Amino acid sequence: MSGSEIAYYLYCLGPSERLPPIAAAGVDERRGVFLWSCGDIGAVLSEVSLEEFCGEAAEARLQDLTWLGPRVGRHETVVEEAMRHSPVLPARFATLYASIGSLQEFVLQHRTAIAAFFSGIGDQQEWAVKGLLVRARAREAMRSASRSAGEAATPSASPGALYFQRKRIETGLNKQLNLWLQEGCQRAAAELRALAGGFRERKVLGQGGAEEGAEVVLNWAFLLPLAGVADFRRRVARLNSEHVSRGLSLWLTGPWPPYSFVPALSGGAQP
């Protein structure tokens with residue numbers, strides 16, 4: 001494969017009349033970003049060297065965070081610049097087309113679905129809500145409540161009886177915690193969905209958070225109108241005030257490109 005072979009790197013699609021010129025650097029930081037009109041749907045593109053993203057050496061680079069991180073960051077910067085002016089259908093990192101013709105063919109094939117996406121999303125933004133649980137704190141809160149309810153171990157019991165009694169109490173606490181978490185998350189989702197134009201449950205990936213011992217227990221995406229963001233923030237804060245003493249906190253971040261709401265576009269390359 002020659003290093004002179006060029007591919008077209010897609011950042012996002014948007015309505016042609018609303019996409020602005022993009023000042024941000026391209027993903028390789030060498031070639032500029034440009035717009036290409038496919039009728040009423042515009043594409044935000046840059047040229048890249050095909051061998052940088054395809055082939056055995058490219059597979060190794062895609063696992064190298066020192067190579068990958070800056071390029072993912074530049075990809076996101078381009079998409080976010082476009083979305084400040086226009087609804088966008090964001091493409092995944094390293095979405096490539098061999099030619100402008102193949103890109104146009106893809107857009108025309110899915111023109112109806114892409115236009116419906118733009119119409120449905122309008123000027124809404126994607127915001128993410130992650131739920132972090134400090135399980136030890138949640139268990140201690142429930143253990144304290146059990147003690148208050150008179151469920152403490154009987155001091156006069158034998159060591160064997162005390163052991164089984166503690167095991168029974170711990171099993172009960174685990175069941176209570178799981179039930180409380182499930183019901184609390186369902187209520188929180190219902191309250192937040194009432195303020196949003198769209199909702200997606202996303203895969204929970206990894207553990208950890210801002211606090212030691214925290215684990216991610218939920219990962220939600222919402223579409224919010226700009227005018228509704230302040231109310232949404234207040235609702236998240238109120239939910240946190242209700243649950244933080246039991247170790248559950250909600251973290252709101254955004255706005256993000258609406259990756260969670262992109263329709264499945266079958267056939268050909270996929271944004």
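Only one entry in Glu59, Glu81 is open to solvent by 20 Å² or more (accessible area, probe 1.4 Å), at pLDDT below 95, within 26 Å of Ala264 (Cα to Cα) and assigned to a helix (DSSP H, G or I), namely Glu59. Residues that are of a type in the set (A, V, I, L, M, F, W, C), more than 30 Å from Gly213 (Cα to Cα) and in contact with a Leu (Cβ under 8 Å, 6 or more places away or on another chain) within region 107-145 comprise Val107, Ala113, Ile114, Phe117, Phe118, Ile121, listed in sequence order. In region 102-126, the qualifying residues are those that are of a type in the set (S, T, N, Q) and outside any helix (DSSP H, G or I), and the one that is farthest from Trp256 (Cα to Cα) is Gln124. Against the conditions (1) part of a helix (DSSP H, G or I); (2) under 25 Å from the mean Cα position of the chain (by Cα), Glu51 satisfies every one except (2).
Of everything in region 3-36 that is hydroxyl-bearing (Ser, Thr, Tyr) and within 15 Å of Pro87 (Cα to Cα), the residue that is nearest to the chain's Cα centre (by Cα) is Tyr11. Every condition in (1) more than 26 Å from Gly120 (Cα to Cα); (2) touching a residue at least 24 places away in the same chain (Cβ under 8 Å); (3) not in a loop (DSSP other than H, G, I, E, B) holds for Val72 except the one numbered (2). Just for region 176-198: of the residues that are in a helix (DSSP H, G or I) and among the small types (Gly, Ala, Ser), which one is most open to solvent (accessible area, probe 1.4 Å)? In this case the residue turns out to be Ala190. From the residues in region 1-30 that are part of a loop (DSSP other than H, G, I, E, B) and of a type in the set (A, V, I, L, M), which one is farthest from Pro258 (Cα to Cα)? If we take residues in region 1-30 being part of a loop (DSSP other than H, G, I, E, B) and of a type in the set (A, V, I, L, M), then Met1 is farthest from Pro258 (Cα to Cα). Output yes when any residue across region 151-160 is in a helix (DSSP H, G or I) and modelled with pLDDT under 60, and no when none is. Scanning region 151-160 turns up at least one residue that is in a helix (DSSP H, G or I) and modelled with pLDDT under 60. Restricting attention to region 122-137 and to residues that are open to solvent by 20 Å² or more (accessible area, probe 1.4 Å) and of a type outside the set (A, V, I, L, M), the residue that is farthest from Val236 (Cα to Cα) turns out to be Gly122. The sole residue among Val44, Val33 that is more than 23 Å from Phe261 (Cβ to Cβ) and either surrounded by 19 or more Cβ atoms within 10 Å (Cβ to Cβ) or modelled with pLDDT of 95 or more (or both) is Val33.
Quick check, is Ser99 hydroxyl-bearing (Ser, Thr, Tyr), open to solvent by 30 Å² or more (accessible area, probe 1.4 Å) and over 19 Å from Ser260 (Cβ atoms)? Here the answer is yes, as Ser99 does meet what is asked.
The values are calculated or read from the model by the stated rules, or taken from the named source; none is laboratory data. Predicted model only: the values in this text are computed from it and were never measured. So basically every Cβ, Gly included, is an ideal-geometry build from the backbone, and we count neighbours across all protein chains shown. Keep in mind that these areas ignore ligands, DNA and RNA; they rest on the heavy atoms of the full protein, side chains included. Shrake-Rupley method; radii C 1.70, N 1.55, O 1.52, S 1.80 Å.
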